[in-house]
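Engineer: Below is one structure. I have some questions about it.
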Amino acid sequence: MIRLLVHIALCVFPLQLLYCQAGTGHFQKQVEELRSICLAIQNENNHLKVRIRKQDSIDYIQLRMKIYQAFNDARNINFDFLNTTDKIAVTGLFTKLLQANNPTSEILGFRFHETIIKATEKHLQKELPVHEKKRFAKVVSKLVNNPVISTLANTNPITSVTAAIISTVAEYSTTTIEVEKDGNRIKDVSATTHDAFNQEAIVAFRTELQPYITFYDALNVASAKYLSGLGSINHQFISLKDNVETYKFQLYGTLQINDTNTLIKLATLLPDPVSGNLDYPKYLNDPHLMQCYQVAARLTVLQESVKEFRREYDQNLLTFLKEYSSVLESSKKLPAACLDHTKIDEMINAINAFIYQEI
């Protein structure tokens, strides 16, 4: 439109000059006004071209930066969250925590299985006749060291072993032989079977072990909550992984780019503005570049989803470690003569160090 007006004005000037030659001052004035208008239109047209090119250059730079950033971040976005679920295992901390859950481990400075045996000797075995004590000790030893009982899934090993011992105790009986004599002649022999343990002894045995049962229950609850949280997060992990892979596939597919030629292909398709007088409309109207730009624009939402996943995982892990540390601290109150506070403190310090460095 502006070019048309300039063209019309230039065509009118010769006619106006003819009238001016007739000595008419009125027409001379009109000619000067038209020339002024034409010059203003030309100046405005030039300014408009400059503004349009400037805006095109800004749009091109934004397009180029967004696409470059998308390809750069797409290579790292998987690494950002695939390793979060492994980071606790890498440190070896999780292995130590699993050992602490095991009553046969000495990682906390004592063996709770030994405590069980001592409790049976203190409250149950003393009730037996001498000849029965050895037999009962063998029965208890088999129960304590039975891998099936002590590793029952989703149970407290101490509870399982204690329950097995109490069940055995409840059915454990002794036999008394009575011989009736008539002088030196045996007149009659009778056998009397009766329960070996009274209820008070069984209650005392259970009572002494209750603090240990409570301790292991607390450890198991903390671990179960953490694993349950991981199960819930795993569904998000699968969905997020699919979204990331779909995003990368679509991003690379729009420009037919792969990991081996990424920078070379991008430099060809989107040259640096300082390299020369670029035809910005050519790039801004390229359908493949615009499609790639639209895909790249989803990166921010995807990155936020990844961050949210990491926040939720870290919160689940942090809750577990703090709760576990609190339970370990409570173990210092257990009535264990061989309790080693140094090893317990080492475990707690390892947990705190991991929280400080990783979460």
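The values are calculated or read from the model by the stated rules, or taken from the named source; none is laboratory data. Source: prediction; values computed, not measured. A quick note on method: Cβ atoms are made from the backbone with ideal geometry, for glycine too, and the neighbour counts reach across all protein chains shown.
Engineer: Can you work out which of the residues in segment 256-271 that are touching a residue at least 60 places away in the same chain (Cβ under 8 Å) and part of a loop (DSSP other than H, G, I, E, B) is farthest from ALA296 (Cα to Cα)?
Structural biologist: ASP259
Engineer: Counting only residues that are farther than 23 Å from ARG75 by Cβ and either exposed (fewer than 14 other Cβ atoms within 10 Å of the Cβ) or not hydrophobic (A, V, I, L, M, F, W, C) (or both), how many does segment 247-295 have? If you could, list the steps in order and put the result at the bottom.
Structural biologist: Step one: of segment 247-295, the residues farther than 23 Å from ARG75 by Cβ are 273-287.
Cutting the leftovers down to either exposed (fewer than 14 other Cβ atoms within 10 Å of the Cβ) or not hydrophobic (A, V, I, L, M, F, W, C) (or both) gives us 273-277, 279-283, 285-287.
So the count comes out to 13.
Engineer: Within segment 345-359, which residues are at pLDDT 85 or above and surrounded by 12 or more Cβ atoms within 10 Å (Cβ to Cβ)?
Structural biologist: Correct list: ASP345, GLU346, MET347, ILE348, ALA350, ILE351, ASN352, ALA353, PHE354, ILE355.
Engineer: How about segment 296-322: which of its residues are surrounded by 13 or more Cβ atoms within 10 Å (Cβ to Cβ) and not in a helix (DSSP H, G or I)?
Structural biologist: Within segment 296-322, ARG298 is the sole residue that qualifies.
Engineer: When segment 47-64 is examined, which residues are found to be over 19 Å from ASP279 (Cβ atoms) and modelled with pLDDT of 85 or more? Working first, answer last.
Structural biologist: In the first step, residues of segment 47-64 are kept if they are over 19 Å from ASP279 (Cβ atoms); the result is 47.
Listed by number, the list is empty, since nothing qualifies.
Engineer: On to the next question. Is at least one residue of segment 276-292 closer than 30 Å to ASN352 by Cα and in a helix (DSSP H, G or I)? Step through it out loud before you land on a result.
Structural biologist: Filtering segment 276-292 down to residues closer than 30 Å to ASN352 by Cα leaves none.
No.
Each row is one residue, and each column tells you yes or no for (1) buried (at least 16 other Cβ atoms within 10 Å of the Cβ); (2) of a type in the set (A, V, I, L, M, F, W, C); (3) at pLDDT below 70; (4) closer than 29 Å to PHE309 by Cβ.
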| residue | (1), (2), (3), (4) |
| --- | --- |
| PHE81 | yes, yes, yes, yes |
| THR84 | yes, no, yes, yes |
| LYS87 | yes, no, yes, yes |
| THR91 | no, no, yes, yes |
| ASN101 | yes, no, no, yes |
| LEU108 | yes, yes, no, no |
| PHE112 | yes, yes, no, no |
| ILE117 | yes, yes, no, no |
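Engineer: Take the residues in segment 324-344 that are assigned to a helix (DSSP H, G or I) and surrounded by fewer than 17 Cβ atoms within 10 Å (Cβ to Cβ), then tell me which one is farthest from the chain's Cα centre (by Cα). If you could, list the steps in order and put the result at the bottom.
Structural biologist: So in segment 324-344, the residues assigned to a helix (DSSP H, G or I) come out as 324-333, 341-344.
When the remaining residues are screened for being surrounded by fewer than 17 Cβ atoms within 10 Å (Cβ to Cβ), the result is 326, 329-330, 332-333, 341-343.
Working: SER326: 22, GLU329: 26, SER330: 28, LYS332: 31, LYS333: 33, HIS341: 32, THR342: 31, LYS343: 29 Å.
Restricting to residues being assigned to a helix (DSSP H, G or I) and surrounded by fewer than 17 Cβ atoms within 10 Å (Cβ to Cβ), the top hit is LYS333.
Engineer: Could you tell me whether SER167 is within 27 Å of LEU328 (Cα to Cα), modelled with pLDDT of 75 or more and either part of a helix (DSSP H, G or I) or touching a Cys at 6+ places or on another chain (Cβ under 7 Å) (or both)? Lay out the reasoning, then the answer.
Structural biologist: Values: within 27 Å of LEU328 (Cα to Cα): no; modelled with pLDDT of 75 or more: yes; either part of a helix (DSSP H, G or I) or touching a Cys at 6+ places or on another chain (Cβ under 7 Å) (or both): yes.
No.
Engineer: Could you grab the pairs with beta carbons closer than 6 Å, sequence gap of 6+ or different chains, first residue in segment 227-246 and in contact (Cβ under 8 Å) with a residue 60 or more places away in the chain, second one aliphatic (A, V, I, L, M) and loosely packed, with under 11 Cβ neighbours inside 10 Å?
Structural biologist: Every condition considered, no pair remains.
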